[in-house]
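Step one of this worksheet: look at the structure below.
The values are calculated or read from the model by the stated rules, or taken from the named source; none is laboratory data. Nothing here was measured: the structure is a model prediction, and the numbers come from that model. Quick reminder, even Gly has a Cβ in these numbers, built from the backbone with ideal geometry, and neighbours come from all protein chains shown. We work out accessible area using only protein heavy atoms, side chains counted, and drop any ligands, DNA or RNA first. Shrake-Rupley method; radii C 1.70, N 1.55, O 1.52, S 1.80 Å.
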Amino acid sequence: MKIHEAIDLAAEALEDSGVPGARLDAERLLASELGKDRSYLLAHFQDSVPEPGAERRFFALITERRRGKPLQYLLGRQEFRGLEFEVTPAVLIPRPETELLVDTAVERLSQGNPTLADVGTGSGCIAVATAVALPRARVLATDLSEDALVVARRNASRHNVSDRIQFLCGDLLLPLTALGLEETLDCVLSNPPYVAERDLSALQREVRDWEPRLALVGGLSGLEIYKRLLPQALRFLKPGGTLIMEIGYNMQAEITQLFDAAWNLEGIRDDFSGIPRIVVAQKR
């Protein structure tokens with residue numbers, strides 16, 4: 001089978017299954033299976049798929065994509081802030097809007113030798129991208145999932161920041177207790193689970209059926225993790241330290257009400273779609 005025939009057949013099958021961007025997905029999956037980039041496919045459109053095994057594996061990937069498995073899991077990677085990260089079904093797929101959280105941290109911590117925590121690190125994209133951008137920073141990254149931490153450690157190694165990131169398994173900031181780090185952090189970063197239980201069924205199937213529930217659902221209202229994180233952040237931040245969190249769509253009013261007199265709520269930054277997304281607050 002020629003390359004263009006394989007792509008045409010795969011794209012048609014994906015379109016029939018309601019997969020958006022079907023042709024692009026087909027091209028990316030074939031290029032990945034051949035160990036090439038998409039420009040190779042364009043230059044060799046009339047060539048045959050190099051060997052039968054590649055063709056068979058390619059259509060097996062197409063079958064998985066038709067079932068709704070995210071392209072990033074099939075490729076095993078996702079770009080975040082210009083860096084390539086390994087992703088598996090054990091971790092949430094990094095989103096472009098989360099880059100704004102890292103941007104905010106980098107803007108505030110560019111001076112000195114900051115110590116910061118990334119709560120719910122998942123793939124490690126926030127911790128690693130921040131460590132890459134702030135070469136004098138020390139990062140503590142926590143997650144409840146040991147499987148996620150395995151992926152995060154590999155991503156830290158991939159980007160040569162393993163020596164500056166300590167990965168800890170446990171709930172929110174509690175793993176820092178044994179390290180005696182109360183009132184030592186310059187910054188706490190988090191993109192916590194914030195989907196309300198009632199809203200899970202309405203999510204896109206690629207998210208609902210494939211991404212880890214632990215990284216998605218924040219309880220009945222979606223606010224439960226925030227309610228537990230804020231007092232822990234007060235405990236571990238030094239006076240004047242900063243909390244930077246991502247929030248979900250239409251959560252601004254409810255999140256704002258969680259901050260008491262112990263905090264100076266500096267503001268909420270909109271993402272590229274104009275949605276309030278990043279909360280910035282300073283411990284008084």
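Rounded to the nearest 5, what % of the DSSP beta bridges within the chain are antiparallel ones?
Of those bridges, close to 45 percent are antiparallel.
Short version: ³J(HN,Hα) in whole Hz for each residue of region 234-245, in order, from phi by Karplus 6.51 cos²θ - 1.76 cosθ + 1.60 (θ = phi - 60°), x for Gly and Pro, what are they?
Values, residue by residue: 4, 5, 9, 6, 6, x, x, x, 10, 10, 10, 10 Hz.
Go ahead and run the numbers for FRET between L200 and R67, Cβ-Cβ distance against an R0 of 22 Å, rounding to 0.05.
E(calc), rounded to 0.05, equals 0.75.
Using the Cα centre as the reference, give the magnitude of the dipole from point charges on the C-beta atoms of the chain (Lys, Arg: +1; Asp, Glu: -1; all else neutral), rounded to the nearest 20 debye.
On the way: 33 positive and 41 negative charges, 118 e Å.
With Lys and Arg at +1 and Asp and Glu at -1, about 560 debye.
Can you work out ³J(HN,Hα) from phi for every residue in region 250-258, in order, using Karplus 6.51 cos²θ - 1.76 cosθ + 1.60 and θ = phi - 60°, giving whole Hz and x for Gly and Pro?
3J(HN,Hα) across region 250-258, in whole Hz: 6, 9, 3, 5, 5, 5, 4, 5, 7.
What accessible area per residue, rounded to a whole number of Å², is obtained for region 31-185 using a probe radius of 1.4 Å?
Normalised by residue count, the accessible surface of region 31-185 is 44 Å².
Rounded to the nearest 0.05, what FRET efficiency do D8 and E97 have when you use their Cβ-Cβ distance and R0 = 30 Å?
Computed FRET efficiency for D8 and E97 comes out at 0.35.
Highest mean first, how do 198-206, 31-39, 121-129, 218-226 rank when packing is the count of other Cβ atoms within 10 Å averaged over residues? Write out the running numbers ahead of the final one.
Values: 198-206: 12.4, 31-39: 15.1, 121-129: 29.6, 218-226: 18.4.
Result, highest mean Cβ count within 10 Å first: 121-129, 218-226, 31-39, 198-206.
Counting only protein heavy atoms, what percent of the accessible surface of region 27-124 is carbon or sulfur at a 1.4 Å probe? Please report the intermediate quantities before stating the final value.
Values: 1960 of 4390 Å².
Its accessible area is 45 percent carbon and sulfur atoms.
Of all the accessible heavy-atom surface of region 185-284, with the other protein chains kept in place and a 1.4 Å probe, what percent is carbon and sulfur?
On the way: 2400 of 4650 Å².
So the carbon and sulfur contribution to the accessible surface is 52 percent.
Using the charge dipole of the chain (Lys, Arg: +1 at Cβ; Asp, Glu: -1 at Cβ; taken about the Cα centre), state which of L229, T184, W263 has its Cα farthest towards the positive end.
Checking the options against the dipole of the chain, the answer is T184.
Which whole-Hz couplings ³J(HN,Hα) result when phi for each residue of region 86-100 is put into the Karplus expression 6.51 cos²θ - 1.76 cosθ + 1.60, θ = phi - 60°, listed in order with x for Gly and Pro?
5, 10, 9, x, 7, 10, 5, 6, x, 10, x, 5, 6, 4, 5
Add -39500 (n - 2.57) for each DSSP H run of 4 or more in the chain, then divide by its residues: what number comes out at 222 nm, to the nearest 500 deg cm²/dmol?
Values: 12 runs with 111 residues, N = 284.
The helix contribution divided over the chain gives -11000 deg cm²/dmol.
Taking springs between alpha-carbon atoms closer than 10 angstrom, which of L181, L71, L92 fluctuates most in the Gaussian network model of the chain?
Evaluated over the chain, the most mobile residue of the options is L181.
Quick one: how many lysine pairs in the chain have C-alpha atoms under 21 angstrom apart, if they're 8 or more apart or on different chains?
Total qualifying Lys-Lys pairs in the chain comes to 4.
Given the Cα-Cα distance of E107 and R208 and 0.36 nm per residue of separation, how much length would full extension add, in nm? Can you show the working numbers first?
Values: separation 101, 0.36 × 101 = 36.36 nm, distance 3.34 nm.
Difference between extended and current length: 33.0 nm.
Under a plain spin-label model, where a point goes 7 Å from the Cα along Cα-to-Cβ, how far apart in nm are E183 and L144?
Result for the modelled spin labels: 3.0 nm.
Chymotrypsin sites (Phe, Trp or Tyr not before Pro) within region 5-60: which are DSSP loop residues with at most 13 other Cβ atoms inside 10 Å?
Counting only loop positions with at most 13 other Cβ atoms within 10 Å, the chymotrypsin sites (Phe, Trp or Tyr not before Pro) in region 5-60 are F45.
Grab the other residues whose beta carbon is less than 15 angstrom from that of D209, score K and R as +1, D and E as -1, and report the net. Write down the numbers at each step before the final one.
Working: positive: R65, R66, R67, K69, R205, R208, R213; negative: E64, D199, E206, E211.
My count for the surroundings of D209 gives +3.
Would you tally the net charge around D47, using a Cβ to Cβ cut-off of less than 13 Å, leaving D47 out, and scoring K and R as +1, D and E as -1?
Counting the neighbours of D47, the net charge comes to -1.
Any chance you could check the Cα centroid distance between region 229-257 and region 204-221 for me, in angstrom?
First find each Cα centre; the distance between them is then 21 Å.
Set the Förster radius R0 to 30 Å, insert the Cβ-Cβ distance between R154 and M1 as r into 1/(1 + (r/R0)^6), and round the FRET efficiency to 0.05.
The value I calculate is 0.30.
Treat every Asp and Glu Cβ in region 1-136 as -1 and every Lys and Arg Cβ as +1, leave all other atoms uncharged, and give the resulting dipole magnitude about the Cα centre to the nearest 20 debye.
Dipole of region 1-136, to the nearest 20 debye: 300 debye.
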